[in-house]
Each structure stands twice: as structure tokens, then as C-alpha cells.
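Single-structure report; data block below.
Bear in mind these aren't lab numbers, they're just calculated from the coordinates by the rules spelled out. Just so you know, these numbers come straight off a predicted model, no measurement behind them. Here the Cβ positions follow ideal geometry from the backbone for every residue, glycine too, while neighbour counts run over all protein chains shown.
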Amino acid sequence: MTAGALRTLKVCVFLVCLVPLGKLALELLGVAGLSLGANPVEELIHRFGIWGLNFLMITLAVTPLRFMTGKNWLIRFRRMLGLFAFFYVLMHFLVYAGLDQGFDLSVILEDVVERPYITVGFTALLLLIPLAVTSTNRMMKRLGRRWQKLHRLVYPIAVLAVWHFYWQVKLDTLEPIVYIAILSFLLGYRFWRKYVRSAHPR
């Protein structure tokens, strides 16, 4: 793929990644009859959380797709997708902290300590912060090999995020189970390629 085509594709992917945010904004404003329902704050928290989880899964899918298709240029999108994952997860937390709890620090800390699914989700967010902060080329060069080790935190982060979603759901667990299956495949593929396939080359 040429440099020009890659730049164009990056712009297109960037705009597509903004679609969930744009749709939520239209629903929040009630444009064209769109609505977030009877409890808009709860719906916003849920939607931002789902899209944060979606982008985590998509980010983790880049490497398997690269190996399966032989399209090495796919790796050039991983950073952008990872930053969008952080953005939507951060919005998930900020809507909860701001619109739901009014930035009442004592209530938020009480929730983090006493409600396990919030503890798990908050831990995932905290672990995402250093990944977002060190996502620049400058930080990659500065950290060297430590950068790759640091960014392997994305694996436990994804586990915590799915765990958070599973614990948060009270009745219908089908959706989080689907995410568990997707994450199991993405992590299982990496394990297979690194250990099983390398131990038994064709």
C-alpha cells in the first residue's frame, strides 16, 4: 500500500471511529427523533463502556489479522484504535463520575472499594493511562524494549474490561459471554502462534 493511500485510509478509519460518539451526540440532542431513552445517563455510561470494549477487541484483533492476511500495514492502525479504546473507556468513567455521581469523590471512592465490578473496571482504566501516555513515537524510542513490555498490559486490561462487563450485567449474560469468547480467541491465537506453532514448525 502506498503512503498516500495509507494516509487516506487512516483518515477514513479515524472518522469511522468517531461515528459512535457522533451518534450518541445526536441521540443526546434528540435530533431526528433519536433518543437515549428514559435514563439517558445510564445509557451513556453503557454505550461508552461497550464502545471502549469494542475498540479494545478491535485493537487486539489487529495483530492476528496481520498474520492471517499478510497485510503488515494493518499494524499502522493499532495505535489509533488503542487510543480510541482509551477515549471511550475514559468517557465511560467520566459520565459515571460526573453525570451520575456529580464528581462526588467520596461516593466514587466508596463505589470503587465496595462494588467489585467497579473496582475491576477502575483498575482497567488506571492501567490504560500509561499506555495512552506512552503511545507517541518519542516515548517508544525513549523506553526502548520497556515500551513493548509496558504495552503488554493491554492483555490483562482486556481481561479486566470483560470481567467488569460480566459482573455488571445482572440478568442476560449472553453479550458478555460473546466478548469472553472473542477475547479467548484473540489471546489463544497469540499463545498458539508464539508457543505451539513455533515449537512445531512446518
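Return the residues of the range 27-39 that are exposed (fewer than 13 other Cβ atoms within 10 Å of the Cβ) and part of a helix (DSSP H, G or I); say none if nothing qualifies.
Residues satisfying the conditions are 29, 31, 32, 33.
So, in the range 102-119, exactly how many residues are farther than 23 Å from residue 162 by Cα and not in a helix (DSSP H, G or I)?
3
If a residue must be among the aromatic types (Phe, Trp, Tyr) and touching a His at 6+ places or on another chain (Cβ under 7 Å), how many such residues does the range 86-128 contain?
1
Of the residues 119, 173, which single one is surrounded by fewer than 15 Cβ atoms within 10 Å (Cβ to Cβ) and β-branched (Val, Ile, Thr)?
173
Please name all residue pairs, on different chains or six or more residues apart, with Cβ atoms under 9 Å, provided the first residue is in the range 107-127 and is of a type in the set (D, E, K, R) and the second residue is assigned to a helix (DSSP H, G or I) and buried (at least 18 other Cβ atoms within 10 Å of the Cβ).
111/96; 111/118; 111/122
Identify all residues within the range 61-74 that are free of Cβ contacts under 8 Å to residues at least 24 places away in the same chain, part of a helix (DSSP H, G or I) and farther than 22 Å from residue 127 by Cβ; write none if there are none.
Correct list: 65, 66, 68, 69, 72, 74.
Which residue is surrounded by the most Cβ atoms within 10 Å (Cβ to Cβ), if the candidates are limited to the range 40-95 and must be charged (D, E, K, R) and under 18 Å from residue 165 (Cβ atoms)?
47
Does any residue in the range 41-60 that is part of a helix (DSSP H, G or I) come within less than 7 Å, Cβ to Cβ, of a residue that is of a type in the set (Lys, Arg) six or more places away or on a different chain, and which pairs are these?
The qualifying pairs are 59/78.
Need the failing condition index for residue 181 against (1) more than 25 Å from residue 41 (Cβ to Cβ); (2) without any contact (Cβ under 8 Å) to a residue 60 or more places away in the chain; (3) surrounded by 14 or more Cβ atoms within 10 Å (Cβ to Cβ); (4) among the small types (Gly, Ala, Ser), just the number.
Every listed condition holds for residue 181 apart from (3).
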